[in-house]
1. If we scan the range 150-157, do we find a residue that is surrounded by fewer than 21 Cβ atoms within 10 Å (Cβ to Cβ) and within 27 Å of Ser387 (Cα to Cα)?
2. Given the conditions (1) under 20 Å from Thr178 (Cβ atoms); (2) free of Cβ contacts under 8 Å to residues at least 40 places away in the same chain, report the number of the one that His81 does not fulfil.
3. Give me the pairs: first residue in the range 252-265 and under 22 Å from Gly220 (Cβ atoms) and of a type in the set (A, V, I, L, M, F, W, C), second residue open to solvent by less than 40 Å² (accessible area, probe 1.4 Å) and in a strand (DSSP E or B), beta-carbon distance under 7 Å, and six or more apart or on different chains, which are they?
4. Which residues, counting only those in the range 115-127, are of a type in the set (Asp, Glu) and open to solvent by 10 Å² or more (accessible area, probe 1.4 Å)?
5. Can you pull out the residues in the range 164-195 that are part of a loop (DSSP other than H, G, I, E, B), touching a Lys or Arg at 6+ places or on another chain (Cβ under 7 Å) and of a type in the set (A, V, I, L, M, F, W, C)?
6. Taking the condition farther than 24 Å from Val26 by Cα, open to solvent by 50 Å² or more (accessible area, probe 1.4 Å) and out of contact with any Gly (no Cβ under 7 Å at 6 or more places or on another chain), does Trp89 pass?
7. Would you confirm whether or not the range 159-182 contains a residue that is at pLDDT 95 or above, acidic (Asp, Glu) and surrounded by fewer than 16 Cβ atoms within 10 Å (Cβ to Cβ)?
8. Across the range 95-119, what is the total count of residues that are in contact (Cβ under 8 Å) with a residue 40 or more places away in the chain and within 30 Å of Gln297 (Cβ to Cβ)?
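The values are calculated or read from the model by the stated rules, or taken from the named source; none is laboratory data. Since this is a predicted model, take the numbers as computed values, not measurements. In this analysis, Cβ positions are derived from the backbone assuming ideal geometry, glycine residues included, and neighbour counts consider all displayed protein chains. Remember, those area values only see protein heavy atoms, side chains included, never the ligands or the DNA or RNA. Shrake-Rupley method; radii C 1.70, N 1.55, O 1.52, S 1.80 Å.
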Amino acid sequence: MLTATLASLLSVPAKADTQTYVKAAVEQRYYFQQGQFEGQENSDISVFLEPEVYFSWNDGVDSINVKPFVRVDSRDSERTHWDIRELAWLHVGDEWEMRAGISKVFWGQTESQHLVDVINQTDFVEAVDGEEKLGQPMVQFSLVKEWGTVSAFALPYFRERTFAGLDGRFRGPLRIDTDNPLFESEDKESNLDWAVRYMGYLGDIELGLSYFDGTNREPGFVPAMTGDEMVLRPYYGQMQQVGLDMLAVVGAWLWKLEAIHRETDVEDFYALTGGFEFTSVGVLNSVYDIGWLMEYQYDERDEQASSLGQNDLMLGSRIVFNDIDGTEILIALVQDLDESGVRSGFIEASSRINDNWKWRLDGWFFSSDIPDEPTYLLRRDDYLQFSLEYYF
């Protein structure tokens, strides 16, 4: 069925309205400390290309979006990779929509982490924050009513997570054997995952309720021997997850919440992230807006959690310059409330240079003196990355 669907996507009517966009960038990353393992360098440079072609016909009722992605990295061979982010047909009916192919879906509201966002797999070699995702084969049907939107997803093929190679950063002492993953399901990558989600409004509150049943996007790791080498084999179990995400707009306040209950073959647990963003408009009679962010992260598994936030507090600020170049800066600190020596921070800044060029500055910083903490493996991977992006 999926093969036939993809084949139909390539049959574009001759009178289709076609729009083409291309994003290309060169990125220079600098690490402040010497790597923990042999082969790791203090800097690397990479380039990526992300073209996008959009076809629409039948007065916009039908459309196809195609978005491949390719990156070449100077240090890490695993970070040199390609992916199809989008290759999907969309049909818009009367109070319903159908999407089929490869696509990306985002669920969530909070800034510091996205607990409910479980449809797409994380492209971990792209960014340590887990924001970048791989394209996911899917069929999506959405019913759009005045009382909200209900979407059902059939996910016929599982995408494995990407990981840094031996010369890359953000890794542990053992190589992750991505060529030999383990699965709980006998169908392995072909297990049919499914999900449903409701999104609607209760007054000024945007509400999302979701359920997912299928292969866990977060792998565990099983030690194994490959010849004389000890490696870690990713293990992808099955999971069922109930999710809640909310956004409430109250004047200059944005109140945000994401909460989940997840069941797997080894554990059941609750986790949540919640907080607010308050924006001061025209600070000191200037054109600048300053937002103040605070979010609390909780995970019932405590030190056994796979996420960085188990009992942590994020404090941050977003500065919007309101200039013609769209300049913005976001700075945040995440402090572990159980261990004073465990913290992380990040910075994101960007601005347009002209109609075609844009610069970005991204950075992550980690501090940990507790070996059991997830951030301990990242304690020497603080970095800044400068990107020069071209759009045409």
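1. The answer is no, given that none of the residues of the range 150-157 is surrounded by fewer than 21 Cβ atoms within 10 Å (Cβ to Cβ) and within 27 Å of Ser387 (Cα to Cα).
2. (2)
3. Partner pairs satisfying both residue conditions: Ile260/Gln241; Ile260/Gly243; Ile260/Ala271.
4. Result: Asp117, Glu126.
5. Of everything in the range 164-195, those that are part of a loop (DSSP other than H, G, I, E, B), touching a Lys or Arg at 6+ places or on another chain (Cβ under 7 Å) and of a type in the set (A, V, I, L, M, F, W, C) turn out to be Ala164, Leu166.
6. no
7. Yes, there is a match, as at least one residue in the range 159-182 is at pLDDT 95 or above, acidic (Asp, Glu) and surrounded by fewer than 16 Cβ atoms within 10 Å (Cβ to Cβ).
8. 13
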